[in-house]
Structure formats: C-alpha cells, structure tokens
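S.K.: Pasting a structure here, questions to come.
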Amino acid sequence: LGLAFQDLPTDCPRQESAGGVSIAFSPGNPGDPTQFDLKVKVMSYSAEEDWLSGISYIDYTYPDLYAGLDPIYPDHYVASANNKEQQPYQTLPYEAVFQGCCRRHMQQDGTLNFKVMATVDLSDHVASARIVSMPQIYLTPDLPSQQLQLCALPAGGRASLMSMSGGTINKDDDDHMPVAFEWGVVTGRGASFSPVGGKPDGRCALLVLDGVRSAPSKDAITVSCKMGQSMVTGDFELIVPYAVSQAGVQTIGDSNPFGCSFTTDQPCYLPVTLGQELRSAYSARPADQFHPPTLSYASNLPGNRMEVRYVVGTNSLQTPLLASTQDTVVYSMSEIGEDHAGLPHGAMLGPFGQGYVTDLVVHFSASSANTRPLHDVPISAAQRDYSATVGEEAPMPDMSTPIAESNFNKGFRGATVTLWQTRDEDSAAITDLALANSSQVSMMMDMGFHKLDANLFEQSGRGELYLMFKKGSGQPLMDVSTTHNESHGYTAIRGESHGHEVVVYVMYSDD
C-alpha cells in the first residue's frame, strides 16, 4: 500500500482510483455479510520505498464449525432410507477474504486490486498454515528461468499438523491423519512449483518462474499453500529492478552469491531463505551454503554495503519486515517504540481532530468527610496538594471537563478524587488507556504508556492504582466515563489493588 511520500522520489507512484476505495476483511460467513475495515498497527515502513508493514487482529465467532455440507458416496456406502443418519458428507469451509485496492503497481493483466484468502473448517483443523516468506521477490533480468524457495509454518503448532476429520462427516477412514503441505499458483504468468528437500512435510517449496523478464518491470503473483484440507493464499511482488549495464560492471567473482552484476548506482538483490541452500545463478559451483553470520558483501565501489532483510516466523508469531540496518527500513525493536520508531527525537505519531481526548488529569480535593476538622483549609502542595474546592488550587485548562462520579475513594477515607479530560484539537489524541497497580506500572511503561502520577486510592489505605495512557497510531479516544457501560458502546477498562476494583469506561473513534 503506497504511503505517497510525495516529496521523496520513488519508482512506485501513488495509485489513484475513482470513487470509494475499500480494503476490507470478510469472514466468509454466508449468513453474515459484515465486512471489517482493518485497523493496522504500523510495525515497519520505508518512506524512500513508499510502503508500510503492519498487523491487525479480528475476533469473529462463526455460527457453526463449517459453512455447509455436500453429500458424498464412497464405495463402501449404499444409500437407503434406513441409513440417512450415516450419510457421508464433505464439509464446505468458510472462505475468509482480505481484498481491496490498490497494489503499488499494476499486475500484467492491468489490475490493481489484490485478494488473499484462508479457508476455515473448525471440525478439521485447529489452525491453518501461515506463509512466512518475504512479500517482495527481486529477480535478475533477462534470465530464461529463475527459482526461489517459499516457506510456511503451521500457525497452531504441531496440533495443526493433524487433520481431525479429513474434511468429511461420517467417513472415519480419513480421521486423525497427518497432513502435508501442498503449494500451487493461483494467478501469475510462467509460474509453477516443484518440491524441495530440507523441511519436513513439504512446508518449503521451490517457486519456478519461467520466461525472460526484462528490466525495469514489476508484476505480481498469488500463490496458495494447502495444509491438509485448509488453504491460505499469499500475494507477492515480482520486481526486476534494473537492467545490467556493461559499462563499469564489477562482479564479486565466481562465488558471487548474488548471481548478478551491479553498477555504482544500482543495487543487486537476491531472495534467501534462512538455513536453506543459497543458489547462485552465475556461480561456477552449483550451490553455496551460507548462514546469516557469514553473509558478506565484497566490493571496492564506494558506499556499497550489504543490507539483509528478513522476517522471523514461529508457529505463533511473525514479525514485520526487518533489516540489518535502519537506513531505509524503519522498524521498532521494542514495544515502547512500535508507534514512533525512527522518528526524530521528540516527534510522535498520533491522530489530531476535534472531539478527541488529548489529556487526562487526576485532581485531589478535601472535604468534611476526609479532613476534619479543618476541611475548609487546603492542604499545601508540599504535603498532598489537596484543595478545598475542586480546581481552586490547580485550575484546569479551559478545554477540560470533569468526569462525573469519578471519586474512587467514595465510601472510604482519603482524598476526594476527580478525573478531568481535555480535548484540544492542536494536540495528539490518546489512543490507549489502562489502569495499573504498583506491580504493573513498570511493565506498562515498557509498552509505551505514560503514568499519571496520582494514586486513585490516595490516602484510603487500599494500595495504589494509577491511570496510564498512550499516544500512538491507534484509534483516538473520544470519551472517558465511570457511569456509561458497554450497552452505550463503551469498552470497560479494569484495574485492581488489594482486592479493590475500579472500572473506567472508554469510547474510541472509528476514524
């Protein structure tokens, strides 16, 4: 998806489409036409190359284990009026689809739209496969055929390598069978797969791309990966970045693992798979074995150095696109930097707009219930910073409003607590809110949360509980309440200290 950094040169100009442009996820439930607009958490990006990589989660409950049933008639089964309950069926999976506009460049057939999907049959698999190879494939120009490996992992670990039902009902001979991976091409010219060793169950396969591809050119290919009866698809860019120039060409020699020549101003690319054989198109040897610690780049051309780009995939996790340098690819190395990685010091990402909550303040005040006998005399700021009247000693900004029923010490001794929320269209909105006791504060700060240094249980003898918030690339906060609840469209935020619970309700914008 293009970010359209218009002040920076890019070989992938912004694509435009008349009318509405949608990127949506459909769970594939025939009885529910709901589509979800994905809210993506940006994990890495490149302004120079005009792309971003992110992650999004959707919780969805299907009404049944599968979308439908088709009767089948195995050789051993004879249909009759007496055995209707034993009729064998083929289960029909749900087809969850993520599709929309636009790719960074047109496919050879002239389309900009992309579409990837996954089948869901909960009676057969606990999880599907997940393709973990890089989404961009760089090719060497003018070769008649090229090969590279694509790999997948079972998203549910070893449990998903077993087919529970074989995709059938009342047909026991295919139950509880081990599954293998099977790769195929959905769309793409001159593409096919052949098996490759090195990984069990065929989870890696060799993608063969036939046909001369001249530079510069761009195309796309959609592949499928079946794990038993479940299937997922992946969309890959095919990029031939430049034409080999005979002027000023310098090569690394016969053992060149990149398999291509390069000039002083053009990069040289080769896709690699961690731990797999690294084949060289121009090497005198049929194959060279490389491992990340020994990958090297040898050249006397000034300014040239190797940048390794990679993703780390496990059964339960896949990272965004990472790189051995952060010259071009910008990403976060920690949770606290996920929203602000690579930005100048003091800069931050965040939504701006009218009506967004941009700040929260916890204010303490005295009353006859908690400061007898001199309840009308403010306690000094050096001690507890209480005031006799809310806002008297610490006036709130003009754009701040108190949150009703926010005295969490009500019914207990201690300060009278009042929460205030500020809406300032010139400030970034709060995008996440949490309640944390003293043992949780450090963990939340590591995740990028800011702590309001005011105990909501001030002087009540019930421990410590703090309000914490974060400003980043998430949904902007619209309102904080202690009286509204989920029935009003709010989400409950809960916190607890020494057995005493506080519930705050928040509403986020759909923007």
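The values are calculated or read from the model by the stated rules, or taken from the named source; none is laboratory data. All of these numbers come straight from a predicted model, not from anything done at the bench. In this analysis, Cβ positions are derived from the backbone assuming ideal geometry, glycine residues included, and neighbour counts consider all displayed protein chains. The area values use the complete protein model at the heavy-atom level, side chains included, leaving out ligands, DNA and RNA. Shrake-Rupley method; radii C 1.70, N 1.55, O 1.52, S 1.80 Å.
S.K.: Please determine whether any residue of region 35-47 is in a loop (DSSP other than H, G, I, E, B) and at pLDDT 80 or above.
M.R.: yes
S.K.: Moving on. Could you check region 175-189 and list, in sequence order, the residues that are surrounded by fewer than 17 Cβ atoms within 10 Å (Cβ to Cβ) and part of a loop (DSSP other than H, G, I, E, B)?
M.R.: 175, 176, 180, 189, listed by residue number.
S.K.: Please find, within region 101-128, the residue that is surrounded by the fewest Cβ atoms within 10 Å (Cβ to Cβ) out of those that are among the basic types (Lys, Arg) and at pLDDT below 80.
M.R.: Of everything passing the filter in region 101-128, 103 is surrounded by the fewest Cβ atoms within 10 Å (Cβ to Cβ).
S.K.: Hey, another quick one. Could you please give the count of residues in region 397-453 that are closer than 16 Å to residue 464 by Cα and in contact with a Gly (Cβ under 6 Å, 6 or more places away or on another chain)?
M.R.: 1
S.K.: Can you say whether residue 88 is at pLDDT 80 or above and open to solvent by less than 40 Å² (accessible area, probe 1.4 Å), as far as the supplied structure shows?
M.R.: Criteria met by residue 88.
S.K.: Report the residue count in region 454-502 for those that are assigned to a loop (DSSP other than H, G, I, E, B) and either charged (D, E, K, R) or within 24 Å of residue 37 (Cβ to Cβ) (or both).
M.R.: Selection size over region 454-502: 11.
S.K.: Another question about this same structure. Which residue is least open to solvent (accessible area, probe 1.4 Å), if the candidates are limited to region 411-431 and must be in a loop (DSSP other than H, G, I, E, B) and within 16 Å of residue 481 (Cα to Cα)?
M.R.: 430
S.K.: When you look at residue 131, is it open to solvent by less than 60 Å² (accessible area, probe 1.4 Å), touching a Ser or Thr at 6+ places or on another chain (Cβ under 9 Å) and within 30 Å of residue 309 (Cα to Cα), yes or no?
M.R.: Yes; evaluated as a whole, the condition is true for this residue.
S.K.: Here are some conditions: (1) at pLDDT below 50; (2) open to solvent by less than 60 Å² (accessible area, probe 1.4 Å). Residue 204 meets all but one. Which one does it not meet?
M.R.: It is condition (1) that residue 204 fails.
S.K.: Is it the case that region 164-173 has a residue that's acidic (Asp, Glu) and out of contact with any Phe, Trp or Tyr (no Cβ under 8 Å at 6 or more places or on another chain)?
M.R.: Within region 164-173, one or more residues are acidic (Asp, Glu) and out of contact with any Phe, Trp or Tyr (no Cβ under 8 Å at 6 or more places or on another chain).
S.K.: Of all residues being part of a loop (DSSP other than H, G, I, E, B) and at pLDDT 90 or above in region 432-448, which is surrounded by the most Cβ atoms within 10 Å (Cβ to Cβ)? Just the residue, please.
M.R.: Restricting to residues being part of a loop (DSSP other than H, G, I, E, B) and at pLDDT 90 or above, the top hit is 440.
S.K.: Go through region 48-76 and count every residue that is outside any strand (DSSP E or B), under 24 Å from residue 328 (Cβ atoms) and in contact with a Gly (Cβ under 9 Å, 6 or more places away or on another chain).
M.R.: Counting residues in region 48-76 that are outside any strand (DSSP E or B), under 24 Å from residue 328 (Cβ atoms) and in contact with a Gly (Cβ under 9 Å, 6 or more places away or on another chain) gives 1.
S.K.: Right, something else. Looking at region 144-174, which of its residues are assigned to a helix (DSSP H, G or I) and at negative phi?
M.R.: 158, 159, 160, 161, 172, 173, 174
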